[in-house]
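Below: one structure, written as structure tokens.
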Amino acid sequence: MSLDQTTVKRIATLARLKLSEDRMGPMQQDLNRILHFIDQLNEVDTSLVEAMEGTNVSSMPFRKDVITEENCVEKILANAPEVACNMFVVPKVVE
Amino acid sequence: MDNQYIYEGASGPWELVVGLEVHAQVISSAKLFSGAATTFGAEPNTQVSFVDAAMPGMLPVINKFCVEQAIKTGFGINAEINLVSIFDRKNYFYADLPAGYQISQYTRPIVGKGYLDIELEDGSVRRIGITRLHLEQDAGKSIHDQHPEKSYIDLNRSGVALMEIVSEPDLRSAEEAAAFVRKLRSIVRCLGTCDGNMDQGSMRIDVNISVRKAGEPFGTRAEIKNVNSIKFLTQAIHYEAERQIVILEEGGEILQETRLFDSARGTTRPMRSKEHAHDYRYFPDPDLPPLILDKAWVEELRKNLPELPDAKKSRFMQDYELSAYDASVLVAEMETASYFEEALKFLKPLNPKAAKLLANWLIGEVFGALNREDKTIEACPVTPPHLSGLINQIQEGIISGKIAKEVFSLMWESEKDAKTLIEEHGLKQVSDDSAILAVIDRVLSKNVTMVQEYKSGKDKLFGFFVGQVMKDMAGKANPELVNKLLKEKLG
Amino acid sequence: MTTPITKPALKNDLIRLTLAEAKEGLLKKKFSSLDLTKAYLESMESNRNLNAYILETPELALERAKESDKRLAKNEGGLLEGLPLGIKDLFSTEGIQTTAASHILEGFKPPYESTVTQNLQNAGAVFLGKTNMDEFAMGSTNMTSYFGSVINPWKRSDGKDLVPGGSSGGSAAAVAGGLALAATGTDTGGSIRQPAAFSGIVGLKPTYGRCSRWGIVAFASSLDQPGPMTRDVRDAALMLQVMAGHDPKDSTSASLEVPSFEKSLTQGVKGIRVGIPREYRLDGMDSDIVKLWENGAKWLQESGAEIIDVSLPHTKYSLPTYYVLAPAEASSNLARYDGVRYGLRVPGKTLDELYESTRSEGFGTEVQRRILIGTYVLSAGYYDAYYLKAQKVRRLIAQDFELAFQKVDVILAPTTPTPAFALDESPSDPVVMYLNDVLTVPANLAGLPGMSVPAGLSRDGLPLGLQLIGPAFDENVLFRAGSVLEEAAAFKSFLER
């Protein structure tokens, strides 16, 4: 499979990455090389194989319904680039 | 097809197709995947753990009680519980979604197919299919009214457990949709899995609506987001149905889009933030192994379920000979059913219809008075034992039904019991033959002509005599006795 | 032969000791933790050209060394009391900048400590600073770091600067060059083992779930595993003993007792069956590597092990599988870096503009490449063809190992197909670059423990590593075989030369 520029742009928008004109070409080429490499997987017959979830723990452990985290608003906000009224601030969002 | 399912358009009738996605906030102390609190209305960002703020390297661990709540709700909606389920990531960027993904369940939800039976006003019952119930995290809250160019983000709700309950597109009217939500709410409240409080956002509804000509395949649907009351649900469906019919009749096409309900105007509009085509890129969350439920635990939860509204309704119908309608009204709200059952404890079983009488009083007088004063049943000034006390007075023939209404008003005002008030106000029914006979004699002697007419065959006048006697005795005469004695007198 | 050009500042021999030797020295009061820590801080200062650290924390280190000395004086020392370590900058360290070598996290000070570094601190370890790495652990050269490349202390005969490998390149260079007594690393597709091989040290990737991932900046959650990078096999056992353990805060952490690792160091390999996977013999494999591998098999055999040919038929598909799954998970894991709650923010008029500007400036090219690939393979219409397919092939790869481990107790292979290469020889084609990981990735996909042991030199005098892969939760077999290889190879580390 091969990616055209429109697809690369769509993917970039989904991932919230901006690709300038000069970066678009090389990126498209790299992505296509990688995809071509990945396409080797088509050689493998997996029709009878179940997908692997990929951990050595077979079942999810539980936590108890207990409040373990007290108010730590200062720590939550300490690294934030912009804060007002103890909240994170972003450009206006229109719903 | 029943008429109420049909919208009349210029081109003839249209059928409405509605499916609901109800987001019900799980009652729990801590969040779905973190140990932060879930209390409503806390100061901004004071109930946020590092997990909820999606700090680097933070990992989710599931809250067992939230899982339990989902299982119980699954039983409540007559659904199968999946012993193995998977949590997936739903990826999208949004201001109040700190991780850039929501942990949800996509291909393998914890609860599979189920159904709800809804009762319609005409007493008929419709079975509405439920596709699934899954657990997921709530997002935070964006606040838009604090600054002209900025939005503020509060993550207190980020990570709170939600159950998303998805119906099949089986609903055919706004009324059915409303009945479905009411039924679901009564179930989750009965189970204690969600408080059903729509004003606080504990239950939020997304509505999928399309219209079609009868017999045709489903039309393109629009999704209306975040409808937060049953009234708005009805409004949104009516508005959206008409909007779509107008477009289709003018030869237009319905866009598959997400719309927002504007409660101030009663209209819907496209959501700006959903203009981008979405591609959520679901995949199993690699931080979470499969959720595997212990069969014995699930069975134990099932055994310990409280009595659900449908079971309660059947029991009321069977044990107390209530009509389907009365029973469903009594079980619709847990508090009403509790009031009824509490009152039953004080009711003397003097009459096979005693419980029926109690139900009538509760649905008629009590509900009427509560509605007039906009009170909930928990705040009812007439307590369950007092109401049964009143019914007992009727059953014992101490007062008539008519006088009882007067006594009820006094009880409502004074919060005193019926017996006391009957004595205080001298409302006791007269059951003394001679007293009644004296009045009968007086009435008959005053109306000689009418007595003649009666005797010559005008039977209808009997009621007139009864009325005159009752009136003379200020309604306190025992009506049965009046009837009996009058009959004897008039031969 | 090698001609080390940057000679480490050897004011004394303290920085040549192994972790175990330094521990013994402290217990016998031959020197203090403060002496040891100062020696390392001086070595770090005089070897800044290696760029092994993103952040040095000398004041903190000295303070902690003094505290350790007090505890040592009272014989209250922990297992790693007073021993100075380097910490890969992927581990969150409370109040201390943690960047994952990315501009997007520059200045970020976590309000929490990762479980593994907490375990190390509880055992008394002294942290020297945060070591350099490939950005978000994505790379095999350490050249994708926002904070610059790391230079391998080893030099080739042509004198060119070599890469230390990656992603844990800073940790590898620090341990090899005497800038840390030992270090932490993380391994998603070889990020501990490959730089260990390139730098002539021991690197151990434990079984997935053996060490907690809590507090470690995530790259690919189903593959990431922290582990030790040390001067010898014994040190790896010592470090792992402290790092490992069940963590209720990590749902993928195994709820198992941690066995004693040190005991197995002297158990030898008599009667152990060693598998030689034929598919690891790559077409045109460097003859130095082939020779090294043969030597390894011979040494184990001479020590009483039985050598058995095994087949891992899906080996060829490990890399393509990895380059679907790791980017897919990464694309989701890295969505949180959006300029809102921490790290870099590049302003924008709208929220989407802010996101795009922040992420485009904050992430380097390789990271963006992987985010894009990951986004693509998960996107509507491609999920089944790529992600789901890769998860199925992953199962086949894991099953290959399961079958092999019915016949053998441990697998022996080279760690890398080549020795360290020069910075300017680093391939520009990402796919060629990815081939570096061809021998290490399978263990990550199968969740198995793997260890690289330095075992010889290339014709250019550069270190080469042998890799041991064990069954899940059997790190002990790696320590047994690793000790035998180490002794037989009699490899001289950079510091010993």
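Things to note:
- Set C:LYS130/C:LYS205; A:LYS9/C:LYS205; B:LYS356/B:LYS419; C:LYS23/C:LYS155 screened for pairs whose C-alpha atoms are more than 26 Å apart: A:LYS9/C:LYS205; C:LYS23/C:LYS155
- Each semi-axis of the equivalent ellipsoid for region B:27-171 is √(5λ) with λ an eigenvalue of the Cα gyration tensor; in descending order they amount to 31, 19, 14 Å.
- Placing unit charges on the Cβ atoms only, positive for Lys and Arg and negative for Asp and Glu, gives chain B a dipole magnitude near 920 debye about its Cα centre.
- Alpha carbon centroid spacing (whole Å) that separates region B:343-363 from region B:84-112: 50
- Antiparallel bridge percentage (DSSP; both residues within chain C; nearest 5): 65
- Separation of region B:165-197 and region C:397-465, taken as the distance between their Cα centroids, equals 57 angstrom.
- Pairs from C:LYS28/C:LYS298; A:LYS92/C:LYS389; B:LYS375/B:LYS405; B:LYS90/C:LYS392 whose Cα-Cα separation, in the structure shown, is over 29 Å: C:LYS28/C:LYS298; A:LYS92/C:LYS389
- FRET efficiency, 1/(1 + (r/R0)^6) with R0 56 Å, evaluated for C:GLU294 and A:ALA78 via beta carbons: 0.50
- Applying the Karplus relation 6.51 cos²θ - 1.76 cosθ + 1.60 with θ = phi - 60° to region A:73-81 yields 3J(HN,Hα) values of 4, 5, 5, 4, 9, 4, 9, 6, x Hz, where x marks Gly and Pro.
- Relative contact order computed over chain C (Cα-Cα under 8 Å; 6+ residues apart), in percent: 18
- Extreme residue, positive dipole direction of the protein assembly as shown, given options B:ALA99, A:SER59, C:GLY362 (C-beta unit charges): A:SER59
- Selected from B:TYR282, C:GLN391, B:SER434, residue furthest toward positive end of dipole (the protein assembly as shown; charges at beta carbon): B:SER434
- The alpha carbon gyration tensor of region B:309-424 gives principal lengths a ≥ b ≥ c with a/c of 1.5 or higher and a/b no greater than b/c, which makes the shape oblate.
- Here the extension length gained between B:ASP199 and B:THR420 equals 75.4 nm, from 0.36 nm per residue of separation less the Cα-Cα distance.
- Assigned charges on the beta-carbon of Lys, Arg, Asp, Glu; chain C dipole about Cα centre (debye): 560
- Tensor-based shape of chain C (alpha-carbon gyration tensor, a/c under 1.5 rounded, otherwise prolate or oblate): rounded
- Whether region C:166-261 is rounded, prolate or oblate, judged on the alpha carbon gyration tensor where a/c under 1.5 counts as rounded: oblate
- Under Karplus coefficients 6.51, -1.76 and 1.60, residue-wise ³J(HN,Hα) of region B:251-262 in Hz, glycine/proline x: x, x, 10, 8, 7, 6, 8, 9, 10, 10, 7, 9
- Dividing the convex hull volume of the alpha carbon atoms of region C:392-497 by its residue count gives 120 Å³ per residue.
- In terms of overall dimensions, the protein assembly as shown has a Cα radius of gyration and Dmax of 38.2, 142 angstrom.
- Sequence-ordered 3J(HN,Hα) estimates for region B:12-23 from the Karplus curve with 6.51, -1.76 and 1.60 and θ = phi - 60° stand at x, x, 10, 9, 9, 10, 10, x, 10, 10, 9, 9 Hz, glycine and proline given as x.
- With a simple spin-label model that places each label point 7 Å from the Cα along the Cα-to-Cβ direction, the separation between A:GLU50 and B:GLU299 comes to 2.2 nm.
- Restricting region B:1-72 to GluC sites (Glu not before Pro) that sit in a DSSP loop and have at most 12 other Cβ atoms within 10 Å of their own Cβ leaves nothing.
- Distance from region B:262-332 to region B:396-475 (C-alpha centre basis), Å: 52
- B:GLU307-A:THR7 FRET efficiency (beta carbon distance; Förster radius 51 Å; 0.05 resolution): 0.35
- The residue among B:GLN137, B:ILE237, B:LEU362 whose Cα reaches farthest toward the positive pole of the charge dipole of chain B, with charges on the beta-carbon of Lys, Arg, Asp and Glu, is B:LEU362.
- Around the amide H of A:ARG63, modelled in the peptide plane, lie the amide H atoms of B:ILE62, B:ASN63, B:LYS64, all under 5 Å away and 5 or more residues distant in sequence or on another chain.
Bear in mind these aren't lab numbers, they're just calculated from the coordinates by the rules spelled out. The structure displayed is predicted, hence computed values, not measured ones. In this analysis, Cβ positions are derived from the backbone assuming ideal geometry, glycine residues included, and neighbour counts consider all displayed protein chains.
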